[in-house]
1. Looking only at region 117-127, which residues are free of Cβ contacts under 8 Å to residues at least 60 places away in the same chain and either in contact with a strand residue (DSSP E or B) (Cβ under 7 Å, 6 or more places away or on another chain) or part of a strand (DSSP E or B) (or both)?
2. Being surrounded by fewer than 17 Cβ atoms within 10 Å (Cβ to Cβ), at pLDDT below 95, part of a loop (DSSP other than H, G, I, E, B) and under 17 Å from the mean Cα position of the chain (by Cα) narrows it down to one of Gly130, Gly188, so name that one.
3. Between a first residue in region 36-65 that is within 17 Å of Asp108 (Cβ to Cβ) and in contact (Cβ under 8 Å) with a residue 24 or more places away in the chain and a second residue that is surrounded by 14 or more Cβ atoms within 10 Å (Cβ to Cβ) and among the acidic types (Asp, Glu), which pairs have beta carbons less than 6 Å apart while being 6 or more apart in sequence or on different chains?
4. Look through Glu11, Glu52, Glu17 and report the one residue that is among the acidic types (Asp, Glu), within 15 Å of Gly82 (Cβ to Cβ) and surrounded by 10 or more Cβ atoms within 10 Å (Cβ to Cβ).
5. Mind checking which residues of region 55-74 are surrounded by 15 or more Cβ atoms within 10 Å (Cβ to Cβ) and under 21 Å from the mean Cα position of the chain (by Cα)?
6. Among residues belonging to region 29-44 that are assigned to a helix (DSSP H, G or I) and not aliphatic (A, V, I, L, M), point out the one that is surrounded by the most Cβ atoms within 10 Å (Cβ to Cβ).
7. State whether one or more residues within region 141-157 are small (Gly, Ala, Ser) and within 30 Å of Glu84 (Cβ to Cβ).
8. Identify, by number, the condition in (1) out of contact with any strand residue (DSSP E or B) (no Cβ under 7 Å at 6 or more places or on another chain); (2) in a helix (DSSP H, G or I) that Asp26 doesn't meet.
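The values are calculated or read from the model by the stated rules, or taken from the named source; none is laboratory data. These numbers were taken from a predicted model, which means no experiment stands behind them. Here the Cβ is made from the backbone with ideal geometry for all residues, glycine too, and neighbour counts use every protein chain on show.
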Amino acid sequence: MNRTQAFSAAEIVKQLEASLKSLKTDSIDLYQFHSGDDAEFQNEELWKTLREQQQAGKIRHLGISIPGKGSELQVREAKRVGAEALQVIYNRLDRRPEEMVFPFGKRDNLGILARVPLTSGLLTGKYKPGASFSAQDARATFDSGKLRADLEAVENLKHTEVPPGVPMAHWALAWCLKNPLVTTVIPGCKSPEQVEENAKAAMVLK
């Protein structure tokens, strides 16, 4: 899917109004600056406009979804622009946020939303080393060497960290949530059954 990068203040207001209409609500709980680059992030008019929309009651909280490649600037400046939450890629195979993001989250009392907590399904344990994916599957575009290393790491985790009898997906979600700085996880789901399965990760925390 091709996505337009429309981060001007006027475009953001237009998108916000469209979202409110589509959701049939008067206010959005968390409105995030999502994966924009640092130049777009530094548009002070954008943040001024977002805070005005917040004061008008159309947005309750502001957040920043950090690009996959990371951005120290956005993490460091989050509180200054009025953000209260950071969304980052965080899972058992990618722990970079522990050094790059979490210290700022703790310093500024920011919520942390962990996205891709199952590493695009690899941490479900369904795929063995050497697995391949169809051309229509986004995982087919992954670097082959890293994919192989990740699948080997998953196989090792099954035997060294996942408790007996605990589904690996439940364990992987719970692993993220056990970090006291993580507010919530954002697992993908394609059916009500998967939503219910993901929710069972809470039982692993007890």
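1. Passing the criteria: Thr119, Leu123.
2. Step by step, each of Gly130, Gly188 is checked, and only Gly188 is surrounded by fewer than 17 Cβ atoms within 10 Å (Cβ to Cβ), at pLDDT below 95, part of a loop (DSSP other than H, G, I, E, B) and under 17 Å from the mean Cα position of the chain (by Cα).
3. Pairs found: His61/Glu84.
4. After ruling out the rest, the residue left standing is Glu52.
5. Once the filter is applied, which keeps residues that are surrounded by 15 or more Cβ atoms within 10 Å (Cβ to Cβ) and under 21 Å from the mean Cα position of the chain (by Cα), region 55-74 yields Ile59, His61, Leu62, Gly63, Ile64, Ser65, Ile66, Pro67, Gly70, Ser71, Gln74.
6. Phe41
7. No, because not a single residue in region 141-157 is small (Gly, Ala, Ser) and within 30 Å of Glu84 (Cβ to Cβ).
8. The single condition Asp26 does not satisfy is (2).
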